[in-house]
1. In terms of solvent-accessible area of protein heavy atoms at a 1.4 angstrom probe, what is the ranking of B:Leu85, A:Leu233, highest value first?
2. Most mobile of B:Ala19, B:Ala29, B:Ala148 per a Gaussian network model of chain B (Cα springs, under 10 Å)?
3. Each label point is 7 Å from the Cα along the Cα-to-Cβ direction; what then is the distance between the points at A:Phe72 and A:Thr137, in nm?
4. What fraction of the DSSP beta bridges in chain A is antiparallel, stated in percent and rounded to the nearest 5?
5. For chain B, find the longest principal axis of its Cα atoms and tell me its angle to the long axis of helix B:4-14, 0 to 90°, nearest 10.
6. Measure off 7 Å from each Cα along the Cα-to-Cβ vector at A:Lys155 and B:Glu61, then give the distance between these two points in nanometres to one decimal.
7. Can you send over the solvent-accessible area of A:Glu271, 1.4 Å probe, protein chains only, in Å² to the nearest 10?
8. In nm, what is the difference between 0.36 nm times the number of residues separating A:Asn419 and A:Asp12 and their Cα-Cα distance?
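The values are calculated or read from the model by the stated rules, or taken from the named source; none is laboratory data. These numbers come from a predicted model, not from an experiment. Note that each Cβ is placed from the backbone with ideal geometry, even for glycine, and that neighbours are counted across all protein chains shown. Keep in mind that these areas ignore ligands, DNA and RNA; they rest on the heavy atoms of the full protein, side chains included. Shrake-Rupley method; radii C 1.70, N 1.55, O 1.52, S 1.80 Å.
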Amino acid sequence: MSIQPILLAGLDASTADRTWRLADYMQRGGYAALKKILAENISPEAVINEVKKSSLRGRGGAGFPAGLKWSFMPRNYSGAKYLVCNTDEGEPGTFKDRDLMRFNPHQVIEGMAIAAYAMGVECGYNYIHGEVWDLYTRFEEALAEARAAGFIGQKILGSNFNFELFAHHGWGAYICGEETGLLESIEGKKGQPRYKPPFPASYGLYGKPTTINNTETFAAVPWIILNGGEKYLELGKPNNGGTKLFSVSGHVVKPGVYEVPMGTPFPVLLEMCGGMRNGKLKAVIPGGSSAPVLPADIIMDCTLDYDSIAKAGSMLGSGAVIVMDESVCMVKALERLSYFYFEESCGQCTPCREGTGWLYRVVHRIEHGQGRPEDLDLLNSVTENIMGRTICALGDAAALPVRSFTKHFKSEFEYHIENKKCMVPPEVQREGSNIYVTPNRVPSC
Amino acid sequence: MLSQDTLKKIDHEVAKYPADQKQSAVMAALAHAQDEKGWLAQETIACVAEYLGMAPMAAYEVASFYNMYDLAPVGKHKLTVCTNLPCALSGGVHVADYLKQKLGIDFNETTPDGMFTLKEGECMGVCGDAPVLLMNNKRMCSYMTPEAIDKLLDELKS
């Protein structure tokens, strides 16, 4: 099947790292959507309507319809309003926004400018994950180019539309990917999420109406404006418009970012990644580490879209596909994920702060041969006492892996507890997690 | 005291935010201060706070919340290896073990000559390049192998 990329269209893998500049983007047809809106005086309502028709859903993980979110912004509010892009990509397994930001940063800028026009916003920030410093400096350079060319700033392209856009970097906190934690962080505070309501559309950055979207969501907007919302929807499937970037990691031959239409069967994506490296497919986490794990037989029957993955009992999330073969000990895999949530809990809500520690310690002791017969019930009870009892979704994100790993791979956990060791021999595990040399990739520093 | 160069960089950040929201620049300002001093002593944090017109404790809260600020001295080169699940499936833990053995230190330790500090990192958002390590918070090293690590360490020592 032939797959036409939208977000990464016109990018050649061998030169993509050099063709991110404004001149290259213009050659690929860049900023045509923004020009069209301003030249034809297309109304903000019409822009929002087009995005609604496209069925573009938030690409950060929650999948909330973007057009609907935009329509929540108070139209006639007289004070400052803000637009924020969430490039705080730190959900284990997710690295798609990195490719957009290093290969096509102007597409993100153009998408944000269009969104700002649609919502009457004059100032925006792009919050970039702390560990990817190169992306931050590149985005600042791209912004300077866009400003010099009149695509952002005052009186854009001679119109009355003003929009200033700036880059802000994080410095190592997963929780800032949560939108209100991110806003606190831009305000120069600890990134601890806020109670909702009030939602950011009424009380956001500096207490002003604010819309926050994921990088990939913004990047899809120029194409939608140029080609129409309906056409975008047709690329995917009903209620799941367009294409989506999938970050594929783990035991495949070619880990990387792949853009495919929503609704693509999982086996097709697996084949694009060159298939499995050595072993047989055991399990896949389809939407980033917070998404429930699915055993091979279930995921092989799924198509990649919000609805199909949800029906299978997991989440499409950010489209981060973590592929595991049979060399993986599921107890050990869960132990590492549970440690991550324990480490990254911001400490604000007791069920999460204490509960993530309990989850990690209990999974740790099972992995290390000190599990007790009642431990699986204990894990279940701790997750029940976290879920739905915290301000943000990190608590649930910590609980869902535990619930799904112990559900689908219960026998492995029981074996560990009973035999004080793993079903998968240590040497098989060690070999399976060995240092992998990706074909056609060289070490770079 | 911070150098004029650092203050200039901080001014660039401050200019991005509304005039009454200078505190928004604190994350970037602390990062620049850390670059200059090597780590964030309480005096340095207080300096940043004063420059931005915020309480020292408010700046300290930020410095102690985010993982990449160092509140104690670290080696000249801080190497942070990602061992989270996606990286671990492609050798992240093996790379960390190799570095531990090569440098003769464990995580959160510094070599006696003060050259290297080793840290275990959480997801850096580059899982497709695994195994990865981050040098001094800013330089991403992708597709690391033992040979690539040897080369990097030789370069850093010379």
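1. Numbers: B:Leu85 10, A:Leu233 50 Å².
Order by accessible area, largest first: A:Leu233, B:Leu85.
2. Evaluated over chain B, the most mobile residue of the options is B:Ala19.
3. Label at A:Phe72, label at A:Thr137, 3.7 nm between them.
4. On the way: 18 of 40 bridges.
Within chain A, antiparallel bridges account for around 45 percent of the total.
5. Around 80 degrees separate the two axes.
6. Between A:Lys155 and B:Glu61, the label points sit 4.3 nm apart.
7. Near enough 140 Å² of accessible area.
8. Details: separation 407, 0.36 × 407 = 146.52 nm, distance 5.18 nm.
Full extension of this stretch gives 141.3 nm more.
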